[in-house]
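Have a look at the structure below, then the notes.
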Amino acid sequence: MSRAPQASALYDIPGPHARRRHLLYGVLSTVVILGIAAWILYLLLDTDQFTAVKWRPFLYEGIQELLLEGLGNTLKAFALAAVFSLALGAVLATGRLSDHRPVRWVATLLVEFFRAMPVLVMIFFIFVALKVQPLPALVAGLTLYNGSVLAEVFRTGVHAVPRGQGEAAYALGMRKTQVMTWVLVPQAVRAMLPAIISQLVVALKDTSLGYLITYEEFLHAGKLIASDLDYDLPFIPVVLVISPIYIGMCMLLSWFATWVARRERRDPRTKGVDVAPAAPVITLPGRE
């Protein structure tokens, strides 16, 4: 038996006319989406994108090893960039939250500069001007950009914690380092986690910029296959193979964030402690 919808402060129960209107909108949207999908499929078939010669390269062991090597290089660059970005973001966020004005000014200048600088420009500058190898240049560019963005995420997350939490900790005699480590940051992590994962997804996708500086990552391997004249330039098949893998890796990151959040909610250290009921007050004679 289906449960009847209930009204709330943000949602009114739709009436008969509204339900028919919503059904019509749903049907029209489905028809439009199916029409677009059919049109795209027709274009792919009309341009012979599903012919055997275009998909044959993926059956060869050498092509499979090339793709696997490119995927491994992408994951290596992402892992390094993610770790260094989180570390740099924590350092810059600490500087922005510092009580010392010069430290705060320097951290703010670095954050605003690297956030405003296009990541591709930084990667090219490190690779060409500083003559750094492709992998360190790619990781450094991703670290500077994503680390500066994560610094703002960390700072905003700490400020999102109710002010009374920090004041209560200071009232207990805790120093600022202890307040940040044991009170503010653990609570801020819950609010920051979605934004952190979103920025890591950006870092994962930006590893594809490595092919512009000859780093042999996943997209670079796909480009080599797509430009092969022997297989009739299988560009669309390469896209259809590589895109789901990128999407799958991003979905794995999102799943990992959900798993961490669910595990944190089950952690006994984050659950409330049962408080014993108050005992009856005994008044002294003459104090009534």
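The values are calculated or read from the model by the stated rules, or taken from the named source; none is laboratory data. A quick note: this is a predicted structure, and the numbers were derived from the prediction, not measured. Cβ placement follows ideal geometry from the backbone for every residue including glycine, while neighbour counts extend to all protein chains displayed. SASA here: full protein model, heavy atoms, side chains in, ligands and nucleic acids out. Shrake-Rupley method; radii C 1.70, N 1.55, O 1.52, S 1.80 Å.
Of the peptides 109-115, 244-250, 162-168, the order by per-residue mean of other Cβ atoms within 10 Å, starting with the highest, comes out as 109-115, 244-250, 162-168.
Computed about its Cα centre, the charge dipole of segment 89-238 is approximately 960 debye, with only Lys, Arg, Asp and Glu carrying charge at their Cβ. One decimal place: the segment Thr214-His100 gains 36.7 nm when fully extended, by the rule 0.36 nm per residue minus the C-alpha distance.
Measure off, as a whole percent, the carbon and sulfur share of the 1.4 Å-probe accessible area of the chain, all protein chains present.
Values: 13010 of 19300 Å².
On the chain, the fraction of accessible area on carbon and sulfur atoms equals 67 percent.
Per-peptide packing, taken as the mean over residues of other Cβ atoms within 10 Å, places 129-141, 177-189 in the sequence 129-141, 177-189 from highest down.
Along the axis of the charge dipole computed for the chain (Cβ charges of +1 for Lys and Arg, -1 for Asp and Glu, origin at the Cα centre), the listed residues Gly35, Leu172, Leu253 are led at the positive end by Leu172. Of Phe114, Ile63, Pro102, which is farthest along the charge dipole of segment 21-116 in the positive direction, counting Lys and Arg as +1 and Asp and Glu as -1 at C-beta? It is Pro102, whose Cα lies furthest towards the positive end.
In this simple spin-label model, placing a label point 7 Å from the Cα along the Cα-to-Cβ direction at both Leu28 and Arg262 gives a separation of 3.8 nm.
Per residue, how much accessible area does the chain have with a 1.4 Å probe, in Å²?
On the way: 19300 Å² over 288 residues.
Accessible area per residue: 67 Å².
Points 7 angstrom from Cα along the Cβ direction at Ala191 and Ala116: gap in nanometres? The answer from the label model is 2.7 nm.
Here the dipole of the chain is about 1420 debye; that uses its Cα centre as origin and unit charges on the Cβ of Lys and Arg (positive) and Asp and Glu (negative).
Annotation: lysines with alpha-carbon distance below 24 angstrom to Lys54 (same-chain offsets under eight excluded): Lys223. P(r) for segment 173-257, from all Cα pairs and a bin width of 5 Å, is 3, 12, 15, 15, 13, 10, 8, 7, 6, 4, 3, 2, 1, 0, 0 %, short bins first.
Convert 10 °C to kelvin, take the viscosity as 1.306 mPa s, use the Kirkwood radius over C-alpha pairs of the chain as Rh, and evaluate the Stokes-Einstein diffusion coefficient in µm²/s, rounded to a whole number.
D, rounded to a whole number, is 66 µm²/s.
Length gained on full extension, Ile247 to Ser198: 16.3 nm, using 0.36 nm per residue less the C-alpha separation.
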